[in-house]
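Asker: Here's a structure for you.
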Amino acid sequence: MIYLPGSILLLLLLLLLLPFLGLALAVDVVQTAAAKLGFSPGMGLLVLLAILVGSTVNIPLYSVQSTVPITDDFLGYFVQQYWGIPLHRVQQKTVVALNVGGGLIPVLLAVYQVFQASLGAILVTTAIVTVASYFAAHVVPGIGIQMNPLIAPLVAAVTATLIAGSAAAPVAFAGGVLGTLIGADLLHLRDIETRTAGVLSIGGAGVFDGIALCGLLALLLS
């Protein structure tokens with residue numbers, strides 16, 4: 001029989017408990033955020049479950065033909081990268097879809113806040129976040145949009161606090177979600193369509209997507 005020191009057993013126990021601790025933390029964060037939006041803790045838990053389940057569902061919106069460079073081997077890639085010789089290109093279809101968990105649900109929650117909070121404050125916050133997201137985001141061919149995840153939430157939280165004061169939470173959430181969707185995704189959509197083949201899912205990373213994450217962080221920061 002092998003005996004392990006107490007410190008190793010404790011470490012193994014902590015490693016086994018990490019997934020459960022992470023889930024408990026996520027539930028607590030979402031319920032806190034839901035309370036700031038005027039929802040009950042139970043409704044916050046339902047929203048979290050809906051986002052997790054919905055992150056596996058993509059709703060196709062439309063498809064376009066995209067021209068992307070391809071290479072057959074590493075040598076061809078090396079030649080393209082360092083000698084500047086263009087590779088042959090191929091026509092492929094790009095399907096633009098909307099992810100339910102990372103895109104649709106956060107947007108619906110943001111639209112709901114439009115009717116609950118100050119419309120003017122949300123519109124101003126959305127416009128400022130849109131500009132910040134547009135210039136902070138860049139297209140990575142074959143991958144999609146990349147952006148520093150803290151830029152949009154910070155801009156949304158600061159703007160909402162300055163404009164709405166104590167009622168900044170729903171304004172920051174709605175402005176952060178809608179501004180990120182417009183500035184980072186929709187305004188860069190044409191660039192992505194022509195440089196990325198396959199399925200382009202808006203909000204496709206689920207709860208960790210820029211849209212959902214921005215709304216959550218902006219809500220908590222405010």
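The values are calculated or read from the model by the stated rules, or taken from the named source; none is laboratory data. Computed from a prediction, not measured in an experiment: that's the story for all the values here. Here the Cβ positions follow ideal geometry from the backbone for every residue, glycine too, while neighbour counts run over all protein chains shown. Keep in mind that these areas ignore ligands, DNA and RNA; they rest on the heavy atoms of the full protein, side chains included. Shrake-Rupley method; radii C 1.70, N 1.55, O 1.52, S 1.80 Å.
Asker: So which residues in region 182-210 are at pLDDT 75 or above and open to solvent by 30 Å² or more (accessible area, probe 1.4 Å)? Quick ask: steps written out before the conclusion?
Answerer: Quick first cut of region 182-210, residues at pLDDT 75 or above only: 182-191, 200-203.
Of everything in region 182-210, those that are at pLDDT 75 or above and open to solvent by 30 Å² or more (accessible area, probe 1.4 Å) turn out to be Ile182, Leu186, Leu187, Arg190, Asp191, Ser201.
Asker: Being assigned to a helix (DSSP H, G or I), of a type in the set (S, T, N, Q) and at pLDDT 70 or above is true for just one of Gln80, Gln31. Which residue is that?
Answerer: Only one candidate passes the filter, namely Gln31.
Asker: Looking at His138 and the list (1) surrounded by 19 or more Cβ atoms within 10 Å (Cβ to Cβ); (2) without any contact (Cβ under 8 Å) to a residue 60 or more places away in the chain, which single condition is not satisfied?
Answerer: (1)
Asker: With the structure loaded, tell me whether Ala169 is at pLDDT below 90, open to solvent by less than 60 Å² (accessible area, probe 1.4 Å) and within 11 Å of the chain's Cα centre (by Cα) or whether it fails that test. Spell out the reasoning first.
Answerer: On the way: at pLDDT below 90: yes; open to solvent by less than 60 Å² (accessible area, probe 1.4 Å): yes; within 11 Å of the chain's Cα centre (by Cα): no.
No: the conditions fail for Ala169.
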